[in-house]
Structure formats: structure tokens, C-alpha cells
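Student: I have a structure I would like to understand better, so I am pasting it below and will then ask my questions one at a time.
No value in this document is a laboratory result; all are computed from the given coordinates. In this text the structure is predicted, and so the values were computed from the model without any measurement. No Cβ is skipped: glycine too gets one built from the backbone with ideal geometry, and neighbour counts run over all protein chains shown.
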Amino acid sequence: MFGRRKKNDSAKDGGAAEQVVDGVADAEQDDAGEPEGAAAPRRINLPPAPRPDGPWDVSEVLGNPADGRVDLGGIFVPGVDGMELRVEVAGDAIVAATVVLGDSAVQLQAFAAPKKEGIWGEVRDEIAAGITQQGGIIEEVQGALGWELRAQVPVPLPDGQTGAQLVRFVGVDGPRWFLRGVISGQGAVRPESAGVLEQIFRDTVVVRGDGPMAPRDPIVLKLPNDAQMVPDGVQTDDQEGSRFGGGMGQLERGPEITEVR
């Protein structure tokens, strides 16, 4: 069952994370339109590094990838007790899923990538440039999931002032795909508390498909076969009977995104 989440939801449930991603996407598009030579030098894209702990390509999973995971088509998202799962859309296409767990959240989005090159290094540069242009602060660190960006992003507050949203951008290159995670809430404020979210990211399975896709095209997702739409905030009896508990049975539709890159 799906409900619409308001755009002004609090940062603790991941509501601000999508705003951060939207702003970065706009900045990346602006950079793409700059004349040749105007952009900052790019990193050399190295081949994807080994992934002994995940995330996984569907070809690497023994057994049924849906066991213990929610089948969203392009990705299989692990289920844990107490989590909520929301989706983000671009037009009519579902392109991202957000796992909310307590006062933290991680947004998951998969993209097509070149066959022999990883793109996370280049994407980090672009995200950093976009946030810096917004007046934010970026720190690149080696974290539990490899190289990541820890950002302080300016966000408007209800009283009209400007505050700072702490966000972690993580990413892993796979075979012809790239998986990005955006961790918000306490998982960004206190990275040492984000172990479960990080494990969800590691245990995610990506289904790239064999069809041609341009690098960075989002891998489109789908709703589970038994999913239903419900108005935002409506509770149902199915929530208590979820196999993962804590509302996992009622996937929610997050705020619509007009542009996702």
C-alpha cells in the first residue's frame, strides 16, 4: 500500500534527503551544459573494484534474490524489522527507494554504467561541486562502504532561516551499474550508528538487465505485485501483520521528483 509523503517532512525520516538530491541533480545538469574546458578536471574512471561484501549483481546471488528482500524490479531491497519503505518517482517511472529506520534513512538509486569503468569517483566530484555551489561543506572520507562524501547542505527552515542538513553520499560500482545511497538523519549525524542502514545498502541486489542503456540512466523500478496505494498518513490493519514489522507491509510513495539524473 502506498501513501504520499509531504515534502516538508522532518529530516529524521529522510524527508530532507530528497531535497538535497534534487539540488545536486540540478547542479550536475548545469555543469553538463558548460562549454568544454570550463568544467573542473575529472578523475580517471578506474574499473569497478571487487565487492566481496556487496552490493550484489543478481547473477551473484545464490538462490532466490527475493528471499528476505522486497522485489522492486531493478533492485531487491533487504527487509529488516521496524523499517518503512518509500518510493520516489520521476514522471510515471519509479527510480528510487528510501528505507526509513527509526530516525535515520537511506535512499537507494541504481544507474546504468559503462562496462569497463566505474563512475563513483566522477560522481563524487559532481556531487561535491554541486553542494559547494549551494554554499555547503563537503568532506571526502574512507568510510565503512568505501569512499563517501559527508556533506553539510544548506536547507530552509520553517522560520525562514537557513540551517544545515547532514547527509552522507555513498556509492559502489558494479558490472554495468552503479548504486548510490543517500544516508540522512542520525545515520549521517552519527555515522557509527548507521550499521543497519549500511548493511541494507550492502545486501541490496541490482538487476541491470541486458538491454542497451546510456551510462547514468536510472534503472527503473516497479511496485511489488501486491502493493496498493493509500492516502498519506492512513494506517491499516496490514501494517501489524507485515513480515518485517513496523510498517514494512505498507510501502509509501514519497514526494514526486520532476527530474532525476
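Student: Apply the Karplus curve 6.51 cos²θ - 1.76 cosθ + 1.60, θ = phi - 60°, to the phi angles in region 126-137 and return the couplings in whole Hz, x for Gly and Pro.
Tutor: With the stated coefficients, region 126-137 comes to 5, 4, 4, 5, x, 5, 4, 5, 7, x, x, 10 Hz.
Student: For labels at Leu157 and Lys222 in the simple 7 Å Cα→Cβ model, what's the distance in nm?
Tutor: Here the answer is 4.6 nm between the modelled labels.
Student: I'm checking a number: the convex hull volume of the Cα atoms of region 125-168, normalised per residue, in Å³. What is it?
Tutor: Expressed per residue, the convex hull around the Cα atoms of region 125-168 is 63 Å³.
Student: How much length would be gained if the chain were fully extended between Glu117 and Glu139, taking 0.36 nm per residue of separation minus their Cα-Cα distance, in nm to one decimal? Can you show the working numbers first?
Tutor: Working: separation 22, 0.36 × 22 = 7.92 nm, distance 2.41 nm.
Additional length available on full extension: 5.5 nm.
Student: For region 118-164, what's the relative contact order in percent, using C-alpha pairs closer than 8 Å and at least 6 residues apart?
Tutor: 27
Student: Given H placed 1.01 Å from N in the peptide plane, which residues other than close sequence neighbours of Ala113 have an amide H under 5 Å from its amide H?
Tutor: Trp177, Phe178, Arg216
Student: At Glu192 and Ala66, where each label point lies 7 Å from the Cα along Cα→Cβ, what is the point-to-point distance in nanometres?
Tutor: 4.1
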